[in-house]
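The values are calculated or read from the model by the stated rules, or taken from the named source; none is laboratory data. None of the values given here were measured: they were computed from a predicted structure. Positions of Cβ are backbone-derived with ideal geometry, glycine not excepted, and every protein chain shown enters the neighbour counts. All accessible areas refer to the heavy atoms of the entire protein, side chains included, with ligands and DNA or RNA removed. Shrake-Rupley method; radii C 1.70, N 1.55, O 1.52, S 1.80 Å.
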Amino acid sequence: MRLPTIALLAPCLLLILECSSLVQSFHAIAPLASSNIKTSCASAARPRSFSLLPQLYSTAAPTSNEATSSAAAKEELLKRDRYLATNRFTVRPGREAKFEKRWADRSSRLASLDGFKYFHLMRRVALEDEVNSGNDPLGNSDPFGNYVSFTIWQEKKHFNAWRAGDAFKEAHGGTSLFAFVTTMVSSAMVLKGAPKPAFYDGLLQQSVLPESVPETVDGWRNVDADGVTILPAECFVACNQFFVPSENLNAFEQRWKNRTSKLKECDGFVSFSMMRRDVKAKGHGVSPMGEEEPTYMSFTIWKDREAFNGWKSGAAFKEAHGSGPSQEKKESGEEKKEPPAPLWSKPPVPVFYEGTLVISSSEGA
């Protein structure tokens, strides 16, 4: 084959390689829905270490009424209250608005499905950036991506039913091979590498009844997206990533279970979940969780960034994070106790997102 011909074919070959990687991720989140699409893919490489964000707010462990005795350590792990499905994307620079438009225009009836509770698409931001700035503090340096799709299901069985049904196929390019391949080619032009699905048990779930529910048409948001400007932020998400070794899992969960939380009393609070990675989740292309990934994430959704800042600067934050004694302790003269030893292998990592395309059940998350 002549060199000019090879040069012309090179971009096509690179695109095919990208699509192969994306097909692998599709199998990971929908092994049943994609069972009739056969492909040969190399196994995904283990992701690199997660880049750490600065400690922008207190990450002290909860201290009230903790249960860290040897008896508590033998207890079973907490039962999940919800099941949470995420998919992490690395969007190419300058393609963010196009990526969001694809989500806005997709065919989905998510809100009409049994067991659905909540959804949003979120883009990572820094606290110092303006709302809707589109600035990503880590750019393309984070192997776990700059966008995340986030869905809360009532139970895991509801998620499995969606993943195996026609609704999933419709949302991911249709039921035909041609439609699927077309979707994969389009994704390769917008994404850098394959999406990385991750699934979690939602523990200690808290939520409030929404004052209003975003309007949906046939189970999906009807939003105008031009592919040029990113969609407006509809919520703010504060995460804290915890790297807890296996011998401390029970103690970590008990510490959070017994903490004092007044989130529901805070203006603008939407939902909280302590997310425990579902390491038993399987599928083609799903790699074992490495040490660079957190075992737990506290995940709090706020109405907007102003609501989060109000909580962070208020008494509820200080009491929950042990940075100040309660009024009762002050009046009784009780001395402030030293915080307990950390249960993680390295300091927690805070990460922040703006959420858009919010869909919620009438009962909330």
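Computed values, structure above
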| quantity | calculated |
| --- | --- |
| Search result, residues across segment 117-126 that are more than 15 Å from N146 (Cα to Cα) and of a type outside the set (F, W, Y) | K117 |
| Breaking point among (1) closer than 19 Å to T151 by Cβ; (2) open to solvent by 50 Å² or more (accessible area, probe 1.4 Å), for A281 | (2) |
| In segment 226-249, residue surrounded by the most Cβ atoms within 10 Å (Cβ to Cβ) [restricted to those that are assigned to a loop (DSSP other than H, G, I, E, B) and in contact with a strand residue (DSSP E or B) (Cβ under 9 Å, 6 or more places away or on another chain)] | L231 |
| Scope segment 199-225; condition among the hydrophobic types (A, V, I, L, M, F, W, C), part of a strand (DSSP E or B) and either on the phi > 0 side of the Ramachandran plot or open to solvent by less than 40 Å² (accessible area, probe 1.4 Å) (or both); matching residues | F199, L203, L204, W220 |
| Check on F150, at pLDDT below 95, open to solvent by less than 40 Å² (accessible area, probe 1.4 Å) and within 28 Å of S362 (Cα to Cα) | no |
| Of the criteria (1) more than 29 Å from M289 (Cα to Cα); (2) touching a Leu at 6+ places or on another chain (Cβ under 8 Å), which one D129 fails | (2) |
| Tally of residues being touching a residue at least 60 places away in the same chain (Cβ under 8 Å) and under 13 Å from D105 (Cα atoms) across segment 211-227 | 10 |
| Test result for F144, within 19 Å of the chain's Cα centre (by Cα), open to solvent by less than 60 Å² (accessible area, probe 1.4 Å) and under 18 Å from V358 (Cβ atoms) | no |
| Residue check for A320: under 30 Å from Q154 (Cβ atoms), open to solvent by less than 40 Å² (accessible area, probe 1.4 Å), at pLDDT below 95 and not aromatic (F, W, Y) | yes |
